[in-house]
Amino acid sequence: MPLDTEPLPPRATLAPGPMGVLATFAAARRNVLSMVPEASLHRPVVSGSFPRRWHMLTDPAALRRVLRERVEDYPKSVVTKLVLQPGVGNGLFVAEGADWLWQRRAAAPAFAARNIAALAPVMSAAAGRAADRIAAVAGRRAFDAFAEMVTATFEVIADVTVSGAGFDRDATHRAIERYIDEVARVSLLDILGFPPWVPRPERAFAARTVRAMKAGADAAIAARLAAGPRPVPDLLDLMAAARDPQTGRRMSPAELRDNILTFIVAGHETTALTLAWALWLLATHPDAQDRARAEVRAVAGDGPVGAERAAAMPFLRAVIDEALRLYPPAGFLARTARAADELAGARVLAGDTVMLPVYALHRHRRLWDAPDAFKPERFLGPPPDRFAYLPFGDGPRICIGAAFAVQEALIILATILQRVRLAAVPGRAPRPVMILTLRPEGGVWLTAEPAS
Ligand code: HEM
């Protein structure tokens, strides 16, 4: 059956037209994507002034200006900081200017290709355990692929950040989940510019969650540092040893903690989401699944998938790229303009919120052919316009963990495909819902059979 006649993968319902106060408020708490106007799929920019001046950009040239050419004028939005600072302080994701630059330089060696390749065994081991769990229910009952992938990616990030004993994985994991739920929902009030006197009852709970999360990380870090560096350095070792090449400065314990939490928060759910959506797409597109499995077998047989083999699977990579296009985990980025400017013909004033609705950009009618369809082949040809495809952002603030995430996703997907054949549970298609990340509401329910 040609792909174009297949049912399209689930998509979010965008806002048909301008929304009033209550509708905006309700939409923001339910699904950020339902605030994105349908017009963002057709036009280069959509602007509004409620409750404050804002612009939603889906024009590649304007996105290049914001993310690469005029970075200084478009710092991370006030809202991004409100959401993340309570949890990850002034770590790499949130810091600006010189404070950001030195942390980025300190972290960069840890994310160099050689170090990422060295982390492959940790990824392969977590992949093997995930495949075992799925194979154990094969032919017997459905499983939630999102939950499985969260477990696998958390095992990886916990191991590569603060390896060895001392990290209470479950407690940290639960705290982070609660943090994302509580803090992100609360701060949507801020995203919309609601005044501070509007009650935010969740904030008290969030403060408790944040304290628990930080205390857990502090204890794990202190225990690990006391034990001395690991034979194979983990991210904590690399960050603790890093010096600012210009000033010789090292990270304080609080900076180390904020960055370790940053890696954990930024790195595990996003990768789990990529994997869960990719598994859903493969389960609902058996031809693509067969092709991906054949590629994995040709490269790795039934043996372990390490860094080198993972890099030799272009079709599987295209499946991941296409999953990231249709369901970008960071589907909505934001900046606050520092100076007056013009973006895609819209007049921007200092203080305006500039939103980057990556979800809409990736389905823009003028930028993509069959934008709502799953067509991994599109990533096998010439690459799309650099600024039409931004799953990891771009410019100096581009995701530092992109290569890490892609390698991990390749290894986990390949290992699962070696072992099982996947199908979707009828009638349980996940709904894309964005709060802080683009999640599959209802879970990703699949069944597995042993792969022949
Ligand atoms: C598929 C998985 C991932 C996705 C989709 C993703 C997406 C992104 C995006 C879009 C940004 C830029 C945000 C902005 O410009 O406002 C970003 C930044 C960042 N990501 Fe990722 N990320 C992923 C995995 C990871 C991993 C595995 C790590 C770490 C282990 C990580 C750590 C970071 C950090 C520290 C930043 C801030 C970098 C800076 O500002 O210099 N991410 N990520």
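The values are calculated or read from the model by the stated rules, or taken from the named source; none is laboratory data. None of the values given here were measured: they were computed from a predicted structure. Because the Cβ atoms are built from the backbone with ideal geometry, glycine has one as well, and the counts that use them run over all protein chains shown.
Observations on the model:
- All of (1) under 19 Å from the mean Cα position of the chain (by Cα); (2) within 11 Å of the ligand (Cβ to nearest atom) hold for E148 with one exception: (2).
- All positions within the range 117-156 that are over 13 Å from W445 (Cα atoms) and out of contact with any Asp or Glu (no Cβ under 9 Å at 6 or more places or on another chain): A118, P121, S124, G128, A131, D132, A135, A136, R140, T151, E155
- Being closer than 26 Å to A117 by Cβ, among the charged types (D, E, K, R), at pLDDT below 75 and part of a helix (DSSP H, G or I) is a condition met by at least one residue of the range 158-175.
- For the range 325-365, filtered to residues that are among the aliphatic types (A, V, I, L, M), part of a loop (DSSP other than H, G, I, E, B) and buried (at least 21 other Cβ atoms within 10 Å of the Cβ), the residue that is nearest to the ligand (Cβ to nearest atom) is A330.
- The set of residues from the range 391-411 being assigned to a loop (DSSP other than H, G, I, E, B) and near the ligand (Cβ under 7 Å from one of its atoms) comprises P391, F392, G393, I398, C399, I400, G401.
A quick yes/no check of all residues on (1) under 30 Å from L92 (Cα atoms); (2) of a type in the set (F, W, Y); (3) touching a Cys at 6+ places or on another chain (Cβ under 8 Å):
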site	(1), (2), (3)
G395	yes, no, no
A402	yes, no, no
V420	no, no, no
V425	no, no, no
W445	no, yes, no
A451	no, no, no
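- A298 touching a Leu at 6+ places or on another chain (Cβ under 6 Å), modelled with pLDDT of 85 or more and more than 16 Å from the ligand (Cβ to nearest atom): no
Yes/no matrix, rows are residues, columns are (1) part of a helix (DSSP H, G or I); (2) under 24 Å from F404 (Cβ atoms); (3) in contact (Cβ under 8 Å) with a residue 12 or more places away in the chain; (4) within 16 Å of the ligand (Cβ to nearest atom):
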{"position": "Q289", "(1), (2), (3), (4)": "yes, no, yes, no"}
{"position": "A292", "(1), (2), (3), (4)": "yes, yes, yes, no"}
{"position": "P304", "(1), (2), (3), (4)": "no, yes, yes, no"}
{"position": "A323", "(1), (2), (3), (4)": "yes, yes, yes, yes"}
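- Every residue from the range 241-270 that is in contact with a Pro (Cβ under 8 Å, 6 or more places away or on another chain), modelled with pLDDT of 85 or more and within 16 Å of the ligand (Cβ to nearest atom): E269, T270
- Test result for A298, under 26 Å from A12 (Cβ atoms) and surrounded by fewer than 23 Cβ atoms within 10 Å (Cβ to Cβ): no
- Subset tally (residues that are away from the ligand (no atom under 11 Å from the Cβ) and closer than 24 Å to F111 by Cα) for the range 82-95: 4
- Qualifying residue in the range 420-442 (condition: touching a residue at least 24 places away in the same chain (Cβ under 8 Å) and assigned to a helix (DSSP H, G or I)): no
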